[in-house]
Amino acid sequence: NFAYFKAYVWAVMINNGNKCMTNMAASCFFLGRNISSFQRFLSDNQWEIPAVARKLVALLLAKLGDRLLIAGALLGCVDTTLAAKASDQMVAVQRWHRHSGNADQVSSIIGHHWGIIGLIVKHPIRYICLPILARLIAGNKNQQLWINGPDGTRPADFWDCVVALVFELKTYLPSALKLRIVADAYFSKAPFIQPLLAKGIHLISRL
């Protein structure tokens, strides 16, 4: 199973085109298996993305150590990205507003909206963000995520999805390490800040 997992990682890095199953399998010429083997790996074998992310964080902490500490705490970076899709029939594909300062770009895009979180590490000449987690953000169309609470059940919104990324990363860290989050001005809103403060996580942003 691990051989297939490594092949997927390499295929994502070396394949500049569409990450469909056919292209992924073709990129893994070094494994010598057909496309059905790659499909069976995803459907039949015991593996989970949270376990991969948890192991990745543990390796980063072990390998990088103090270089991950900035002003006495780990610094996580949160942002989102849009991936255009040719068809709106896929799950969670809808029209999203594009927040960009570039006047040449279109104001909206039809596709997937992804939330991304990573850890910042010191480099001799700059800082680098190492991506840890990416999650599909639920939209109003084809709602897939729901929140259960004292007031009943409601569909998850944008802020629920992004805050969940931060909380998930926090669960992968030793309790002795403090986590701070840096994000751009778009995230300077109460639905994002208040849940973080309730967990003792401070936000660095332009308010």
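Each principal axis of the Cα cloud of the chain was taken in turn, and the coordinate range along them, longest first, works out to 51, 43, 41 Å. Spin-label model, Lys6/Ser205: points 7 Å from Cα along the beta carbon direction are separated by 4.1 nm.
With K and R counted +1 and D and E -1, the other residues having a Cβ less than 9 Å from that of Ala73 yield a net charge of +2. Considering only trypsin sites (Lys or Arg not before Pro) in DSSP loops that have at most 16 other Cβ atoms within 10 Å, the longest stretch of the chain without any of them is 34-84.
In whole Å, what is the distance between the alpha-carbon centres of region 4-80 and region 107-146? Region 4-80 and region 107-146 have Cα centres spaced 15 Å from each other.
Would you tally the net charge around Ile128, using a Cβ to Cβ cut-off of less than 11 Å, leaving Ile128 out, and scoring K and R as +1, D and E as -1?
+3
Approximating the spin labels as points 7 Å out from Cα along Cα→Cβ, the Ala198-to-Ala26 distance works out to 4.9 nm. Given R0 = 35 Å, the distance between the Cβ atoms of Lys189 and Arg126 translates into a calculated FRET efficiency of 0.75.
Just checking the listed ones, Ala26, Ala134, Ala156: in the Gaussian network model of the chain with Cα springs under 10 Å, the one fluctuating most is Ala26.
None of the figures in this text is laboratory data; all of them are computed from the coordinates on show. Remember, predicted model here, so these are calculated numbers, not experimental data. Backbone-built Cβ (ideal geometry, glycine too); neighbour counts: all protein chains shown.
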